[in-house]
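The values are calculated or read from the model by the stated rules, or taken from the named source; none is laboratory data. None of the values given here were measured: they were computed from a predicted structure. FYI the Cβ positions are ideal-geometry reconstructions off the backbone, even for glycines, and counts take in every protein chain you see.
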Amino acid sequence: MQSSFESKQNKRRNVIWALAFVIIAAASVYAVKKVSGNFSLTRILELLSNAAPVPIILAFAALAGFFVCGAMALKVLLKSFGQKCSLKQSIVFVSADLYFSAITPSSTGGQPACGYFMAKSGIPASCVTVCLVFNIAMYTLSIIVIGLAAIFIAPGVFYYFSTAARILILLGSIGLAILALIGIAVTIRRSVIDRIASIVIRVGKKLRFIKDRSDEVSIIQWVEDYKSYADQLKGHGPALIKSLVFNILSRLCQLSITMFMYIAITLGGPANAWQVIKQGAMLMGAQSLISIGSTFVPIPGAMGYTDLMMLNAFGKVMSDADASSLEFMSRSVSFYLCVLIAFVIVVVYTLCRKKKR
């Protein structure tokens, strides 16, 4: 039976979102060029030609670390349930999440896509759900932890942004905290799980999604399986801590790309190395706050908003021309190249599976 993810309607929707992603990406670059007024490919090439090579290498190493650490966070959870999953498979799952999160508003398509590939690998559906719910809670917590650490270590970073941007960052922090608590609650609290199941069944009957007793029994059985996997998490504290640590490392790797890019182009000229590294770390902290503020922006990849926020922050420590150049370079690696790699991984994996079948 063809899954809903493979249906023609969903395939058509995915193609539409992919095209929308390309259009919005082009519009975002154009908007950055217009807003900055100093965007120049000539200046970007000049900065790159004079850039220090080691930080550039470290930026691409951080990109690889983003994928690997994200995959390890999910692999640790699956292993705690006795599910065999290689690092290669886990990278495919994470890539599906990354790609479909990037092309859908507010990242709504990432989790279903990740769950689809996990289920296709033979992982029980209830186990998939528990792992994804808890992993998104750990991922959310990692963003909050990094953001709070940035403000604690360098409070001045918060004032790199305009008043409107600061309000969005605060609202994003509250929203992420609520999301993390909900994720944890529906994983470890049986009463919450039962209440949600009851609501789903009641609404399903009214909307005629649940047509007979057999449908209701299937949902109840799925919920019981879900709770059995959720109960197992309570006895796997070390695995949960490892998952949180890997999620934090994954986010730090992605955020550090901006820092390494800044260090590369600044050390390419006359500059105090320690001061440059310190300022690069400040920009990395600013980047963490941008990720919090952009969480609930209903645009694929929060494109446009994120770009303008980066210009806003970078302009506090460098000229407008260099700020727009750094924004373009770091965003190209940390987001666009990341999405492209995730897309290639998903496509290659899908073609290989079809060839084997």
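Tabulated data
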item: Residue tally, condition farther than 22 Å from Ser256 by Cα and either of a type in the set (A, V, I, L, M) or surrounded by 15 or more Cβ atoms within 10 Å (Cβ to Cβ) (or both), over the range 143-167; result: 2
item: Search result, residues across the range 312-321 that are aliphatic (A, V, I, L, M) and surrounded by fewer than 20 Cβ atoms within 10 Å (Cβ to Cβ); result: Val317, Met318, Ala321
item: Complete set of residues in the range 81-100 that are surrounded by fewer than 22 Cβ atoms within 10 Å (Cβ to Cβ), without any contact (Cβ under 8 Å) to a residue 24 or more places away in the chain and assigned to a helix (DSSP H, G or I); result: Leu87, Lys88
item: Verdict on Ser324 being farther than 19 Å from Ala137 by Cα, at pLDDT below 85, surrounded by 24 or more Cβ atoms within 10 Å (Cβ to Cβ) and of a type outside the set (Val, Ile, Thr); result: yes
item: Candidates Ala180, Ala185 - the one that is of a type outside the set (D, E, K, R), within 30 Å of Val346 (Cα to Cα) and modelled with pLDDT under 80; result: Ala180
item: Val192 vs. criteria modelled with pLDDT of 85 or more, surrounded by fewer than 18 Cβ atoms within 10 Å (Cβ to Cβ) and in a helix (DSSP H, G or I); result: no
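A quick yes/no check of all residues on (1) on the phi < 0 side of the Ramachandran plot; (2) surrounded by fewer than 20 Cβ atoms within 10 Å (Cβ to Cβ); (3) not in a loop (DSSP other than H, G, I, E, B):
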{"residue": "Leu48", "(1), (2), (3)": "yes, yes, yes"}
{"residue": "Ile57", "(1), (2), (3)": "yes, yes, yes"}
{"residue": "Gly70", "(1), (2), (3)": "yes, no, yes"}
{"residue": "Lys75", "(1), (2), (3)": "yes, no, yes"}
{"residue": "Ile123", "(1), (2), (3)": "yes, no, no"}
